[in-house]
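Next up is a structure, given as structure tokens.
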Amino acid sequence: YLTIHVPYLPSTKNTINAQTLAMCKDGVRVLNFARGELVDNFALLDALGTGKVAQYFCDFPAEELLGVKGVYCTPHLGASTPESETNCAVMAANELSDYLKNGNITHSVNMPDVSQPRVGGKRICIIHRNEPGAISAITGILTAANLNIENMVNKGRKNVAYTMLDVTGNVDAGLTAQLSGIDTAIRVRIL
């Protein structure tokens, strides 16, 4: 078997080529699950024809490799089966529903994962810049509104943060405007 650790660099195209295959023992088996362009497919097909390569396994099924004896191509993504696509769609719908109903964020690309069980009262969700003073500005407004914080979580990712607070007390219509007026606030939701 030919095993190579390949760092992700642009210069790895055709690393496995006629010259590198010629250095292998006859009957070598090549496994490529890194990148398709790592192997020169036409050099590999020539080596298969001469017996230099006995088998080639990859998850990059290029047109020239399909149906060739000794070449075994599998799908590149585990998520390409009908079952996994259905499961992914259901998971995405459930996560979106949880965000809309409860403010919880999971598997976001650009936001931190933030989740907490609801503790009654109203839930306040604030996306804000991850800067000093943001939390004290939020809690100061809630204190002035005579609201009690029952549960709170704050997580940041680089320059953005997400804060969820479960509060009890009289949440009036002007609270969203007050919280939105904080310098670091990006978006405020009260659920």
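The values are calculated or read from the model by the stated rules, or taken from the named source; none is laboratory data. These numbers were taken from a predicted model, which means no experiment stands behind them. Note that each Cβ is placed from the backbone with ideal geometry, even for glycine, and that neighbours are counted across all protein chains shown.
Please state which one of Lys122, Lys155 is in contact with a Pro (Cβ under 7 Å, 6 or more places away or on another chain) and of a type in the set (D, E, K, R). Walk me through it before giving the result.
Numbers: Lys122 fails: in contact with a Pro (Cβ under 7 Å, 6 or more places away or on another chain).
Of the residues listed, the single one that is in contact with a Pro (Cβ under 7 Å, 6 or more places away or on another chain) and of a type in the set (D, E, K, R) is Lys155.
Is one or more of the residues making up the range 25-36 assigned to a helix (DSSP H, G or I) and either among the aliphatic types (A, V, I, L, M) or out of contact with any Leu (no Cβ under 9 Å at 6 or more places or on another chain) (or both)? So that I can check it myself, show each step before the final result.
To start, the set of residues in the range 25-36 that are assigned to a helix (DSSP H, G or I) comprises 36.
Of the ones still in play, those that are also either among the aliphatic types (A, V, I, L, M) or out of contact with any Leu (no Cβ under 9 Å at 6 or more places or on another chain) (or both) are 36.
Yes, that holds for at least one residue.
From Ala54, Ala92, grab the single residue that is small (Gly, Ala, Ser) and in a strand (DSSP E or B).
Working: Ala92 fails: in a strand (DSSP E or B).
Exactly one of Ala54, Ala92 is small (Gly, Ala, Ser) and in a strand (DSSP E or B), namely Ala54.
Restricting attention to the range 52-70, and to residues there that are more than 11 Å from Asn41 (Cα to Cα) and of a type in the set (D, E, K, R), which single residue is surrounded by the most Cβ atoms within 10 Å (Cβ to Cβ)?
This residue is Lys52.
Please go through the range 140-191 and give me each residue that is in contact with an Asp or Glu (Cβ under 9 Å, 6 or more places away or on another chain) and more than 21 Å from Gln116 (Cα to Cα), ordered by number.
Ala145, Asn159, Asp183, Thr184
On to the next question. Hey, any hits in the range 101-110 for a residue that's part of a strand (DSSP E or B), touching a Phe, Trp or Tyr at 6+ places or on another chain (Cβ under 9 Å) and outside the structural domain of Ala34 (by TED's automatic domain parsing)? Break it down stepwise before answering.
Step one: filter the range 101-110 for residues part of a strand (DSSP E or B), giving 105.
Imposing the further condition that a residue be touching a Phe, Trp or Tyr at 6+ places or on another chain (Cβ under 9 Å) reduces the set to 105.
Now drop any that are not outside the structural domain of Ala34 (by TED's automatic domain parsing), which leaves 105.
Yes, the range 101-110 contains a residue that is part of a strand (DSSP E or B), touching a Phe, Trp or Tyr at 6+ places or on another chain (Cβ under 9 Å) and outside the structural domain of Ala34 (by TED's automatic domain parsing).
Can you name the residue in the range 73-103 that is touching a residue at least 60 places away in the same chain (Cβ under 8 Å) and within 16 Å of Asn154 (Cα to Cα) and is also surrounded by the most Cβ atoms within 10 Å (Cβ to Cβ) among such residues?
Start the filter on the range 73-103 by keeping residues that are touching a residue at least 60 places away in the same chain (Cβ under 8 Å), which leaves 101-103.
Restricting the remaining residues to those that are within 16 Å of Asn154 (Cα to Cα) gives 102-103.
Numbers: Asn102: 16, Gly103: 24.
Among those that are touching a residue at least 60 places away in the same chain (Cβ under 8 Å) and within 16 Å of Asn154 (Cα to Cα), it is Gly103.
I want to confirm something. Restricting to the range 164-177 and keeping residues that are surrounded by 18 or more Cβ atoms within 10 Å (Cβ to Cβ) and not acidic (Asp, Glu), which single residue is farthest from Asn146 (Cα to Cα)?
Let us first name the residues in the range 164-177 that are surrounded by 18 or more Cβ atoms within 10 Å (Cβ to Cβ), namely 164-167, 175.
Retained after the next criterion (residues that are not acidic (Asp, Glu)): 164-165, 167, 175.
On the way: Met164: 18, Leu165: 14, Val167: 10, Leu175: 11 Å.
The selected residue is Met164.
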